[in-house]
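Notes for the one structure printed next.
The values are calculated or read from the model by the stated rules, or taken from the named source; none is laboratory data. These numbers were taken from a predicted model, which means no experiment stands behind them. As a convention, Cβ positions derive from the backbone with ideal geometry for all residues, glycine included, and neighbour counts pool all protein chains shown. Each accessible area value is taken on the protein alone, full model and side chains, heavy atoms only, with ligands, DNA and RNA left out. Shrake-Rupley method; radii C 1.70, N 1.55, O 1.52, S 1.80 Å.
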Amino acid sequence: MNESKVLVRKAINSEIWNILVALAIIVNMVFWFLDLCAVQDIEHLEILMDVIVFLVFFVDVAMRISVSKVNTFFALSNNRTSLVIAIVSFASLIVHARSDSSRLDLIQGLQIGAMTIRLMWVSAIISPAFSSQEQEPHAVRCLRTLETLRDRLGSGFDTELGLRVEDVNFVIEAINGDNLYSNRFDKAIQDPNLDVDQGNFLRAVFSDSGAVQTKEPKKDSQRPSIVFNQSVDSPYQDKLIEVATDWDFDAFTVHKLSETLPPLVLVGHHVFTQLGLSLSFGIEDKVLLKWLSAVNEAYLDNPYHNSTHACDILQIVFFHFTKCGFGSEFSALEVLACVVAAIVHDMGHVGVTNGFLKMTFHELAIRYNDAGILENMHVSEGWMACTNPRHNIFENLTVEQRRVVRELMIAMVLDTDMARHSKITEQFAAKLHQGFNLTQAEDRKIVLSMLLHCADLGNGVRNFDIAKKWGEKVMEEFFNQGDREKELSLPVTANMDRDGGIVLVAKCQMTFLNYVVSPLYKEWCDFLRYFADKYSFPPAAKYGDQFQLNIKKNIETWDSIHKELLAGKDKNIINMPVPSANKGTTKAPQRNGAGYQQIP
């Protein structure tokens, strides 16, 4: 909330309420004095006093409602019992002006009315009140509530609640950060009397980061300007410059640009050269191409999780670094880590979900202990490919640079696990609510993880013709898993039963966009608008608007297709392969790379 709003609320909470209470006390004292003196002929004065008391409480509520605008009014209205009591209390004041009720009844009515109003306000402002924000992430709602409580405390101490503003600030920082469950040895380790070597030893013991640096590492240099490299596949560079920066990028058609290099290798090389990564880190073209070729071949020939999907995700990342202006706010090392993570993020994917691997006690599930099975495998295989002596793209990185890249890659790839979706989305929303500071490495790390996660789910945000192709591909892979589950007499996972027919394709895509992609991109597009405003890069906001519009249109189009299919119209609108006679085979998908020239 802005500073003026905070100041207004503080003034109302601290000063105006006290003034109103004082006025109410004065009115009560006047009534008492008049009764004590047995003044008889004061009918008009009584009416005037009643009106004053009524206006005092009415103005108080009106001013409080105006501060929080409509949301607080709804919050007050939802507390129906309190609202009824308040209305009755107010009504009793008016009735008293035309009756002979005792002054004690009036004073009791005033006290009940005052207490009711105060309780209603506290309930509305301290509880998770802003009820029109029902879709607001829980973390943001908690932070907003705590901030409101902090504002009410001002800079002092609430004797009734026994709270200091410092306590509330501590909770806000703990929720917003990653150290909510940090171990309690942190303060002890910071003891100035502790030997430096022993302090480093304790830090290593109570963390999983291994050896602790005794010297501050040098800051990574900022990303150099974009460099255009024409040394390899030069006939394709001009076309790639246009294609790779278009949001309607179609990874299924990139193969038409080259008969010798597969899409992932072609686009991967283009991204490395355009972002200046090859130049910044001394990566020779031959090494880069051999590495890209090895990664491409490590992807299996799944309908969806294949090297074409990796190419698609890589382009979305590249789009943000170029068209959305991210390139100027991240270091060269961070850009390298994000690009490499995008390329390897599904490397070796076996075409089934983590749930299937756990159910079947697959060797990967055993190796990675049922936790982030595929994602752990992807980043592990990806790192080994990067450091393989035959194509070590990290050869010229320092030890510290390799440590940073590895840490970022692990964080980004593991966060593509859908089991983490809700957590990372809410954490991002909470951080956005607080405000990102991209001069801080931890904040940049959060943005990069969210970028890769959004890119991984970004094909549904393309124009519908492209989004539809990807929707059909992922459903084909789902149906293949369902076939295997039937063969193994396992329960068929939801949305993976081929018997559901093509109607299920449209229904599943519509649901996924509506309940997963749309909320995710709502937070991401809010960040793009925030980024555009804070870092003076308006195109980012424009693309955020475009992304959300595309999602809305695609949901509506899938909904229309779903209704047509239910009505039995145009069943050819969905392109799904006819299942083979031996459907349900557990034969592993083949590796990519067939038909392309091998890099010597």
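A few points about this structure:
- Annotation: residue 381 fulfils all but one of (1) assigned to a loop (DSSP other than H, G, I, E, B); (2) acidic (Asp, Glu); (3) closer than 29 Å to residue 291 by Cβ; the unmet one is (1).
- Residue list for the range 346-386, filter: under 19 Å from residue 411 (Cα atoms) and touching an Asp or Glu at 6+ places or on another chain (Cβ under 7 Å): 347, 348, 372, 375, 378
- All told, residue 253 meets the bar of being polar (S, T, N, Q), assigned to a helix (DSSP H, G or I) and open to solvent by 10 Å² or more (accessible area, probe 1.4 Å).
- Flag not set for residue 486, criterion: out of contact with any helix residue (DSSP H, G or I) (no Cβ under 8 Å at 6 or more places or on another chain) and either aliphatic (A, V, I, L, M) or without any contact (Cβ under 8 Å) to a residue 24 or more places away in the chain (or both).
- Members of the range 322-332 that are in a helix (DSSP H, G or I) and surrounded by fewer than 24 Cβ atoms within 10 Å (Cβ to Cβ): 322, 327, 328, 332
- One residue from 343, 316 being outside any loop (DSSP other than H, G, I, E, B), within 27 Å of residue 495 (Cβ to Cβ) and modelled with pLDDT of 95 or more: 316
- Subset of the range 375-414 (residues that are charged (D, E, K, R) and surrounded by 22 or more Cβ atoms within 10 Å (Cβ to Cβ)): 375
- At least 1 residues being under 11 Å from the mean Cα position of the chain (by Cα) is the threshold, and among the helices (runs of 4 or more DSSP H) wholly inside the range 413-490 those reaching it are 421-434, 441-456.
- Count of the range 416-443 residues which are closer than 30 Å to residue 349 by Cα, touching an Asp or Glu at 6+ places or on another chain (Cβ under 8 Å) and of a type outside the set (Ser, Thr, Tyr): 5
- Failed item in (1) in contact with an Asp or Glu (Cβ under 8 Å, 6 or more places away or on another chain); (2) farther than 21 Å from residue 531 by Cα; (3) open to solvent by less than 10 Å² (accessible area, probe 1.4 Å); (4) not aromatic (Phe, Trp, Tyr), with residue 471 passing the rest: (1)
- Among residues of the range 530-549, those that are open to solvent by 50 Å² or more (accessible area, probe 1.4 Å), in a helix (DSSP H, G or I) and among the aromatic types (Phe, Trp, Tyr), counted: 1
- Among residues of the range 243-254 that are under 15 Å from residue 317 (Cβ atoms), those with a beta-carbon under 6 Å from a residue that is surrounded by 14 or more Cβ atoms within 10 Å (Cβ to Cβ) and of a type in the set (Val, Ile, Thr) at least six positions away or on a different chain give the pairs 245/322; 251/308.
One line per residue, one yes/no per condition, for (1) modelled with pLDDT under 55; (2) under 31 Å from the mean Cα position of the chain (by Cα); (3) in a helix (DSSP H, G or I):
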residue	(1), (2), (3)
183	yes, yes, no
215	yes, no, no
264	no, yes, yes
282	no, no, no
296	no, yes, yes
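- Subset of the range 356-374 [outside any loop (DSSP other than H, G, I, E, B) and surrounded by 15 or more Cβ atoms within 10 Å (Cβ to Cβ)]: 356, 357, 358, 359, 364, 365, 373, 374
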